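Step one of this worksheet: look at the structure below.
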2 protein chains.
Amino acid sequence: MNMPAEPPKRTRRSKGGLTLVDVARVAGVAPITVSRVLNSPEKVSPDLVQKVRSAIERTGYVPNLLAGSLASTHSRMIAAILPTIAGSVFLDTVQSLTETLAAAGYQLILGQAGYENSREDELLEAIIGRRPDGIVLAGIMRSAQGRRRLQASAIPLVETWDLTPTPADMLVGFSHESVGEAVAEFLYQRGRRRVAVISASDERAQRRNRAFAQAAVRLDMQGPDGAIPFHTTSAPGTAAGGRAGLRALLAASPDIDAVFCSSDMVALGVLTEAHALGIAVPDRLAVVGLGDQAFAADTWPALTTVHLDGRAMGTIAANFLIDRIAGKHIPEVVRDIGFTIVERDSA
Amino acid sequence: MNMPAEPPKRTRRSKGGLTLVDVARVAGVAPITVSRVLNSPEKVSPDLVQKVRSAIERTGYVPNLLAGSLASTHSRMIAAILPTIAGSVFLDTVQSLTETLAAAGYQLILGQAGYENSREDELLEAIIGRRPDGIVLAGIMRSAQGRRRLQASAIPLVETWDLTPTPADMLVGFSHESVGEAVAEFLYQRGRRRVAVISASDERAQRRNRAFAQAAVRLDMQGPDGAIPFHTTSAPGTAAGGRAGLRALLAASPDIDAVFCSSDMVALGVLTEAHALGIAVPDRLAVVGLGDQAFAADTWPALTTVHLDGRAMGTIAANFLIDRIAGKHIPEVVRDIGFTIVERDSA
DNA sequence: GTGAAAGCGCTAACAA
DNA sequence: TTGTTAGCGCTTTCAC
């Protein structure tokens, strides 16, 4: 017999887990049939589907999606990149994103970029390396380096919570400049004439504030020195930052009659400090928040704030990605969802 | 020449992306050398490292971690399973978890189970299918089915925010029963004699409340009917739920002098409603929150609450997993991090 | 220190 | 409808 020498066996520890091949053996079918039962059961005859399902049941098999992703180049994962999680205004967006994506069979992977973008490059590499089918960004990718990487990766991308004439890909948000201007005009109409700002230091807030200040000056609501009193705290904004901010503003400009805050949390702190200082809201001081978080209607007094539909942005971003991945044409890849000022009792 | 017939070429669309083989070709080394430069550069001579790094740089190569995970059976992903994201008390935990894990090269994948656990089985399958190196659960896995699946998967698991005599694997949390009892005793010592509860309906809250009620009855703080007035809202607790709760409680039991709330958000709503009703806090009504969220020190009056160290739980959970994955022996896989009552002005 | 060969567990492409 | 074959892009194992 002309038997070739058996080559030395190299065996790898396959981690012992059940595989699709095991299930196929149990069901008495080819591996691909098991794969089809899992991914497109309509292409398999009912009795084989039945057999395979029963084999899966009995063995407790859980498909290895990593292997499936590698073979199919669809990971069914979507990455969300946020500055932070705790205290973030993006959580409603993440929540609705997760829900909409889960319903379509996608899982979310989370990246925290920090507000300083120090680890941005590392983070992008870690995320792109996992080959998500799509990426959602809280905000706009500002660094040219980051944009280049994302575009080179060719992964569908949705930027959110902002507008820009030069989106990297898809976009759903609102104009921070318009918000700033609208709040200034709102306060003017309510009779305020000495407005101030307490704001976190992030870039979006700064654009809001600039537009607010310009409109305020145009409406002659600046201080005697021609400027709009300003207090900056670190991002994300907190109630403590709001309290400290109000104290600082009043020390420098005791005659202010309105404060525009960069978030509802900051506004909550301002309400508290006003209370502590015996300053009547809204009589002596109007307070406007941003975000219309769930608690905004239930502060004392109820917070007048800018309603931003975080859930809608999450849902729209998710659907943008789902459609794009499905190869559907998306007619309008930039969506301005606008905002509204919700007038309650604090202004 | 005895040339074998060329077999028909089946080509798959390799999605065009750069691979490690391309980089190897550019650098003039074997693929495995590129792999080593990426994963254990200390095993490669400095000049080859240099050559390979330069090739990576020039080509813009991003390693496919999916393929790496499949080959190595280490995904460098950790899954976190939460009831919800928006309004959740677990966000500090998720934040510190993400930070600690990112520093060790792990990425977080997020699963939302919902408070009703309706999609739990699906979710577990989606998560286990991605072969994370570890799983962190917000709370305890209660369903026997879920525990079985997790244990069958053999993935290291940390349950958090609770204590149980029968952890599925590792555990870091605190005793909700002790919290309930401690708050009852705290209120007793502060002279309160008619205590009430406003609580979300989740299972942890219910155990807290039961212990609170038992201690309260023991201390003779029950109402004339022998019961502790109770109001339940849906989970997660909100300020609106707190307001409605206080109104309902006062309608039924006008003589209550203290309220224990299931979260700081609920307590914020209670403070607001008390203000609206002209009820002095703490003089006529003491309010105690739970969680010591960032804003708790900055409500009016400042909220007395139970401090729970969410960040610590995240860090400890992350380190449990990192150590376990590294094969280190963890001497103490159950950790009670306790709690403290932070006395401020509301009680 | 470097490399060749053989998979990891799955699915796309093709064939029957 | 079902199956066969050949990878997906990487790392492990073994050899030098």
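The values are calculated or read from the model by the stated rules, or taken from the named source; none is laboratory data. Please read all numbers here as calculations on a predicted model, not as lab measurements. In this analysis, Cβ positions are derived from the backbone assuming ideal geometry, glycine residues included, and neighbour counts consider all displayed protein chains. Accessible surface areas use protein heavy atoms only, side chains included; no ligands, DNA or RNA. Shrake-Rupley method; radii C 1.70, N 1.55, O 1.52, S 1.80 Å.
Per this entry, residue A:266 is counted among residues that are within 14 Å of another protein chain (Cβ to nearest Cβ) and in contact (Cβ under 8 Å) with a residue 60 or more places away in the chain.
Scanning the stretch A:239-256 turns up at least one residue that is outside the structural domain of residue A:138 (by TED's automatic domain parsing) and in contact (Cβ under 8 Å) with a residue 60 or more places away in the chain. Regarding residue A:33, is this residue at the interface with chain B (Cβ under 8 Å from one of its Cβ atoms) and more than 8 Å from DNA strand C (Cβ to nearest atom)? It is false that residue A:33 is at the interface with chain B (Cβ under 8 Å from one of its Cβ atoms) and more than 8 Å from DNA strand C (Cβ to nearest atom). Here no strands (runs of 3 or more DSSP E) wholly within the stretch B:152-226 include at least 1 residues being closer than 30 Å to residue B:322 by Cα and modelled with pLDDT under 95. Between B:299, B:232, B:305, the distinction of being under 24 Å from residue B:174 (Cα atoms), crowded, with 23+ Cβ neighbours inside 10 Å and modelled with pLDDT of 95 or more belongs to B:305 only. Residues considered: A:230, A:260. Of these, the only one that is farther than 21 Å from residue A:345 by Cβ, more than 11 Å from chain B (Cβ to nearest Cβ) and aromatic (Phe, Trp, Tyr) is A:230.
Please work out if residue A:63 is modelled with pLDDT of 95 or more, of a type outside the set (Gly, Ala, Ser) and either in contact with a Gly (Cβ under 9 Å, 6 or more places away or on another chain) or away from DNA strand C (no atom under 12 Å from the Cβ) (or both). Here the answer is yes, as residue A:63 does meet what is asked. Evaluate the following for residue B:78: is it of a type in the set (Val, Ile, Thr) and either farther than 30 Å from residue B:265 by Cα or within 16 Å of DNA strand D (Cβ to nearest atom) (or both)? No, not satisfied.
Answer yes or no: is there a residue in the stretch B:308-331 that is open to solvent by less than 10 Å² (accessible area, probe 1.4 Å) and among the hydroxyl-bearing types (Ser, Thr, Tyr). No: the stretch B:308-331 contains no residue that is open to solvent by less than 10 Å² (accessible area, probe 1.4 Å) and among the hydroxyl-bearing types (Ser, Thr, Tyr).
Of all the numbered requirements in (1) open to solvent by 10 Å² or more (accessible area, probe 1.4 Å); (2) over 27 Å from residue B:86 (Cβ atoms); (3) in the same structural domain as residue B:221 (by TED's automatic domain parsing), residue B:292 misses one, and that requirement is (2). Residue-level analysis places residue B:116 among those that are farther than 28 Å from residue A:67 by Cβ, part of a loop (DSSP other than H, G, I, E, B) and of a type outside the set (S, T, N, Q). Taken over the stretch A:298-342, the residue count meeting the criterion of being within 23 Å of residue A:88 (Cα to Cα) and free of Cβ contacts under 8 Å to residues at least 40 places away in the same chain is 5. Note on the stretch A:82-117: among residues that are more than 7 Å from chain B (Cβ to nearest Cβ), within 10 Å of residue B:86 (Cα to Cα) and β-branched (Val, Ile, Thr), the one that is most open to solvent (accessible area, probe 1.4 Å) is A:89.
In the condition set (1) within 12 Å of DNA strand C (Cβ to nearest atom); (2) closer than 28 Å to residue B:148 by Cα; (3) at pLDDT 95 or above, residue A:13 is compliant with all but (3). Checking the stated criteria, residue B:264 turns out not to satisfy the condition of being surrounded by fewer than 24 Cβ atoms within 10 Å (Cβ to Cβ) and modelled with pLDDT of 95 or more. The set of residues in the stretch A:52-69 that are assigned to a helix (DSSP H, G or I) and either away from DNA strand D (no atom under 16 Å from the Cβ) or crowded, with 19+ Cβ neighbours inside 10 Å (or both) comprises A:52, A:55, A:56, A:57, A:58, A:59, A:65, A:66, A:68, A:69. Each residue in the stretch B:243-266 was checked for being out of contact with any strand residue (DSSP E or B) (no Cβ under 6 Å at 6 or more places or on another chain) and of a type outside the set (Lys, Arg), and 10 of them qualify.
Residue A:125 fulfils the conditions (1) open to solvent by less than 20 Å² (accessible area, probe 1.4 Å); (2) within 11 Å of another protein chain (Cβ to nearest Cβ) except for a single criterion, (1).
The set of residues in the stretch A:36-58 that are within 11 Å of DNA strand C (Cβ to nearest atom) and closer than 20 Å to residue B:152 by Cβ comprises A:38, A:56.
Only one residue in A:216, A:251, A:286 is more than 14 Å from chain B (Cβ to nearest Cβ) and surrounded by 24 or more Cβ atoms within 10 Å (Cβ to Cβ), so which one is that? It is A:216. Taking the stretch A:23-32 as the range and being within 16 Å of residue A:68 (Cβ to Cβ) and either among the charged types (D, E, K, R) or open to solvent by 20 Å² or more (accessible area, probe 1.4 Å) (or both) as the test, the residues that pass are A:31, A:32.
Free of Cβ contacts under 8 Å to residues at least 40 places away in the same chain, facing chain B (nearest Cβ under 9 Å), more than 16 Å from DNA strand C (Cβ to nearest atom) and surrounded by fewer than 22 Cβ atoms within 10 Å (Cβ to Cβ), is that true of residue A:144? Judged against the criteria, residue A:144 is not a match.
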